[in-house]
Amino acid sequence: MREKFSIRVRKDMRRNWVLYLMVLPVIAFFLVFCYKPMYGALIAFQDYRPARGFGEEWVGFKHFLKFFRSHYFVRLFRNTFLISLYSLVFAFPASIILALLLNEVPSRRFKNISQMFMHLPHFVSMVVVCGLVREFCYSDGLIADLLEPLGVTRSNLLLKPELYRSIYVISGIWKELGWSSLIYIAALGGVDTALYDAASIDGAGRWKKMLHITIPGIMPTIIVMLILKVGGMMSVGYEKTLLLYNNAILDTSDIISTYVYRYGIENMNYSYSTAVGLFNSVINVILVLSTNYISKKVSDNSLW
């Protein structure tokens, strides 16, 4: 007769108590910093004032409707979505391509040295990275020096709204390309090498091996990462935007997270900013559920 689930859990905890002890700090972290703060989402439905605390009069969807009717809504939603879309289209495949190229390098020493240098930008502070981007984009910066011989007039690139998204995405690729390729490099290590040997006997070249063995071998990892990426499309970080944007390019650089920062911290409108952030989170949940459902139907690979 099969044991009850509770009995099996108790036996497993006695057998692996050290592992359960090690996971306690992780559980505590998520409880304190992820689940407990969710209670604060209630203020999105109240006119919250810090001095009064929780328990204010409920106002329903007042703050949500205020945001939807705001003339900022279309601009914020468009900018957030487009920046995420450009990152998904250009940055996501770039890390996969880099992993595939490194996998084809025969020299392990060269591969390790290359990875070391490509991972370094990830550990550079965002403040430093944005400072470099600003210096490069000035009218007397490096990019202007490179473009001037081609007949391009010197100008501050960060004052041109049409260039901001490109600057944001390209600098993001430079900073995170090496780091984001790590998971695909690890997945490549799990591809059965016997398949390559069999393909060589059949006369397949490197391109055929990559197309029919390597890419299908890491496809489950690619799909999972794609689902996670799509699920966070509306969560563009505010730090980089705050460090790069200015009034001249606000029309293309202002995003939901910076709007929440301005209204929540600078204007102390906590209920309104919480409502905007909650709306953003709901969109992300819908995206990840939809992408996971489609992926499960199409490829049988999904998060759950």
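The values are calculated or read from the model by the stated rules, or taken from the named source; none is laboratory data. A quick note: this is a predicted structure, and the numbers were derived from the prediction, not measured. No Cβ is skipped: glycine too gets one built from the backbone with ideal geometry, and neighbour counts run over all protein chains shown. Heavy atoms of the whole protein, side chains included, go into the accessibility calculation; ligands, DNA and RNA do not. Shrake-Rupley method; radii C 1.70, N 1.55, O 1.52, S 1.80 Å.
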Report task. If a/c stays under 1.5 just call it rounded; otherwise compare a/b with b/c (prolate if a/b is bigger, oblate if not). Do that for the chain, with a ≥ b ≥ c from the square roots of the Cα gyration tensor eigenvalues. Result -> oblate
**Report entry** Sequence-distant residues sharing a close amide H with Gln46 (under 5 Å, placed H)
**Finding:** Val59
Query raised in the report: Which helices, counted as full DSSP H runs in the chain, have an axial Cα extent of no less than 18 Å and a Kyte-Doolittle average of -0.5 or above?
Result: 17-30, 73-86, 161-180, 215-231, 270-299
**Report entry** Cα gyration tensor shape of region 123-193, rounded if a/c is under 1.5, else prolate or oblate by comparing a/b with b/c
**Finding:** prolate
Query raised in the report: At 222 nm, what helix-only mean residue ellipticity would the chain give, in deg cm²/dmol to the nearest 500, using -39500 (n - 2.57) for each DSSP H run of four or more?
Result: -19500 deg cm²/dmol
**Report entry** Cross-link pairs Lys4/Lys296; Lys111/Lys229; Lys111/Lys175; Lys4/Lys297 - those with Cα-Cα distance over 22 Å
**Finding:** Lys4/Lys296; Lys111/Lys229; Lys4/Lys297
Query raised in the report: Along the principal axes of its C-alpha atoms, what lengths does region 168-245 span, in descending order and rounded to whole Å?
Result: 56, 22, 16
Report summary line: The size of the Cβ-based charge dipole (Lys, Arg +1; Asp, Glu -1) of the chain about the Cα centre, to the nearest 20 debye, is 1080 debye
**Report entry** Debye-sum result for region 1-146 in log10 I(q)/I(0), which assumes one identical scatterer on each alpha carbon, at q = 0.09, 0.10, 0.15 Å⁻¹
**Finding:** -0.76, -0.91, -1.13
Requested in this report: Averaging sequence separations of C-alpha pairs under 8 Å and six or more residues apart, then dividing by the length of the chain, give the relative contact order as a whole percent.
Outcome: 25 percent
**Report entry** Among Lys36, Lys208, Lys160, residue whose mean-square fluctuation peaks in a GNM of the chain (springs only between Cα atoms under 10 Å)
**Finding:** Lys36
Query raised in the report: Ignoring ligands, DNA and RNA, what accessible area per residue does the chain give at 1.4 Å, in Å²?
Result: 63 Å²
Report summary line: For Lys208, the aspartates and glutamates lying under 15 Å Cα to Cα, once residues fewer than eight places off in the same chain are dropped, come out as Glu104, Asp197
